[in-house]
1. Give, as residue ranges, the helices (runs of 4 or more DSSP H) completely inside segment 1-116 that count at least 2 residues that are over 15 Å from Glu167 (Cα atoms) and among the small types (Gly, Ala, Ser).
2. What number of residues within segment 66-112 satisfy the criterion of being in contact (Cβ under 8 Å) with a residue 24 or more places away in the chain, over 21 Å from Gly184 (Cα atoms) and of a type in the set (A, V, I, L, M)?
3. Any chance you could count how many residues in segment 122-146 are hydroxyl-bearing (Ser, Thr, Tyr) and closer than 20 Å to Thr188 by Cα?
4. Six or more apart or on different chains, Cβ under 7 Å: which pairs go from a residue in segment 159-187 that's farther than 22 Å from Asp25 by Cβ to one that's basic (Lys, Arg) and within 15 Å of the ligand (Cβ to nearest atom)? Could you list them?
5. Of everything in segment 97-120, what is within 24 Å of Arg22 (Cα to Cα), surrounded by 15 or more Cβ atoms within 10 Å (Cβ to Cβ) and among the hydrophobic types (A, V, I, L, M, F, W, C)? Give them in sequence order.
6. May I ask you to list pairs of residues, at least six apart or on different chains, whose Cβ atoms are under 7 Å apart, with the first in segment 15-36 being among the hydroxyl-bearing types (Ser, Thr, Tyr) and the second being in a loop (DSSP other than H, G, I, E, B)?
7. Ala59 - would you say it is surrounded by fewer than 17 Cβ atoms within 10 Å (Cβ to Cβ) and under 24 Å from Arg150 (Cα atoms)?
Amino acid sequence: ETVLCILNVPFTTYTENEVIARCTDYAMDQKPHVVITAGPEFVMHAQRDPTLLPLLEGADLITPDGIGIVLAARFHGHSDLERVTGVALAEKLLAQSAARNFRVFLLGASPESNEKALNAVRALYPELVVSGRNGYFDATELPSILEQIRNFEPHILLVGLGQPRQERFIWEHRDALSVPLMIGVGGTIDILAG
Ligand code: UDP
């Protein structure tokens, strides 16, 4: 795998299809894998906040989520970097999950939006085993949320709590959750809700 560093963020140079292929492998693995979709805002955030460095180092893949990253790559002489957004990853992995019987958990967004997203996904893929929980909770609710996710035993956990909170959540709880593939997807759950 080749990696392209932009302002010290190691972006994968995989195409979207290659990222999906790696993600479906991760989803069947025993150990947890983390994918970050990083746009310009996240890259700038990482410059100011050194606590994000271990997350960047620990991620299995960091994809360029935004035309700003693609243009920066071009400036560095890498003309064919493909944009890979959280919503594209989520949509394609949901299709893969329906075909491969992966269980998917959607954590994030408002209660209404999360519910609507679950219904929309179930309408699209009736055979898919999918569950979810809204993203508005405090520290006292955290243990029960972790337990809900663990009990569901998802292959894939999509976390839409906004960046970088969703990345911190995944990093902090990756061992406790022991989900094979975890991805921060920003506002994707709202988009799935329609
Ligand atoms: N969100 C959440 N809990 C919070 C704050 C935000 O679940 O405490 C959700 C919010 O409802 C939205 C998503 O996180 O669905 C953030 O989307 P946004 O597009 O702002 O995030 P970005 O893509 O910029 O990371």
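Laboratory data are not the source of any read-out in this text; all were calculated from the coordinates shown. These numbers were taken from a predicted model, which means no experiment stands behind them. Neighbour counts are summed over all protein chains in view; Cβ atoms, including those assigned to glycine, are modelled from backbone coordinates with ideal geometry.
1. 16-27, 67-75, 86-100
2. 2
3. 3
4. none
5. Ala98, Phe102, Val104, Phe105, Leu106, Leu107
6. Thr15/Glu82; Tyr26/Asp60; Tyr26/Pro180
7. On the way: surrounded by fewer than 17 Cβ atoms within 10 Å (Cβ to Cβ): no; under 24 Å from Arg150 (Cα atoms): yes.
Criteria not met by Ala59.
Rundown of residues vs (1) surrounded by 20 or more Cβ atoms within 10 Å (Cβ to Cβ); (2) basic (Lys, Arg); (3) more than 24 Å from Asp65 (Cβ to Cβ); (4) away from the ligand (no atom under 16 Å from the Cβ), yes/no style:
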| residue | (1), (2), (3), (4) |
| --- | --- |
| Arg122 | no, yes, yes, yes |
| Pro126 | no, no, yes, yes |
| Ala139 | no, no, yes, no |
| Leu146 | no, no, yes, no |
| Arg174 | no, yes, no, yes |
